[in-house]
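Values in this text are rule-based calculations from the coordinates and carry no lab data. For clarity, every value in this text was computed on a predicted model and none was experimentally measured. Every residue, glycine as well, gets a Cβ built from its backbone with ideal geometry; the counts of neighbours run over all protein chains shown.
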Amino acid sequence: MKVKIEIVDDEEEEIVIRCNTINDTIQRIQAYITDITNQSKGIIFYKDDTEYYIPINEIVFFETDNRNVNAHTKNNIFLVKYKLYELEELLPGSFMRVSKSTIVNINHIYSITKNITSSSIIEFYNTHKKVYVSRYYYKPLKCRLDEKRLNIWKIKIYFGAYF
């Protein structure tokens, strides 16, 4: 695979991927580039009269509370001036909706306690905060977590290192 960078005087930057066929590698490259560009859009977080500029990877989950959308970090809660459906479009691929009222960062998930009769409970690393995953979203979430674990395993095998 060749990689080229051309400097042009156009107004808008553009990334073009030329390929014979669309395969897994090409799709992963496209998803990665999309994630990076979405992260650079920047979401402003609010608390009282202060605006905060927090790296998106520090957000553990987004949750609706009455008519507001709150962003939760490990220790704080911030107001966001977006609707959940708007956030779904802006957020990188590490975020996923898990209920009508919640989007989680799958990189922060520590455990899922399955409940057959109702919503399952998601717990996160280094925080007491928990959210519920509805039965509708449980299986897609499990698939994403399994895919993430498989990709990490492939990277370890590829580089021959266990880290």
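If I model the stretch 64-112 as equal point scatterers sitting on the Cα atoms and use the Debye formula, what is log10 I(q)/I(0) at q = 0.21 Å⁻¹?
Ignoring solvent entirely, the Cα scatterers give -0.78.
Where in the stretch 132-150 is the amide nitrogen less than 12 Å from a point lying 7 Å along the Cα-to-Cβ axis of D24?
Only 147-148, 150 fall inside the zone, counting backbone N under 12 Å.
Go ahead and estimate [θ] at 222 nm for the chain from helices alone: -39,500 (n - 2.57) per DSSP H run with n ≥ 4, summed, over the residue count, rounded to 500. It would help to have the intermediate numbers written out before the result.
Numbers: 3 runs with 50 residues, N = 163.
Taking each H run of at least 4 residues, the total per residue is -10000 deg cm²/dmol.
Mind giving me the FRET efficiency for N76 and D146? R0 is 30 Å, r the Cβ-Cβ distance, nearest 0.05 is fine. Each step should come with its number before you reach the end.
Numbers: r = 30 Å, r/R0 = 1.02.
Result of the calculation: an efficiency of 0.50.
So how tilted is helix 135-159 from the main axis of the chain? Cα-based, degrees 0 to 90, rounded to 10.
Helix 135-159 and the main axis of the chain meet at about 40 degrees.
If you take the beta carbon distance between Y53 and I15 as r and set R0 to 22 Å, what does 1/(1 + (r/R0)^6) give as a FRET efficiency, to the nearest 0.05? Write down the numbers at each step before the final one.
Values: r = 25 Å, r/R0 = 1.14.
My answer for the efficiency is 0.30.
Which whole number in µm²/s is D for the stretch 17-131 by Stokes-Einstein, with the Kirkwood Rh taken over Cα pairs at 25 °C and 0.890 mPa s? Write out the running numbers ahead of the final one.
Values: Rh = 15.5 Å.
Translational D for this selection: 158 µm²/s.
Considering Cα pairs under 8 angstrom that are at least six residues apart, work out the relative contact order of the chain and quote it in whole percent.
Values: 193 pairs, mean separation 21.4, N = 163.
Reported relative contact order: 13 percent.
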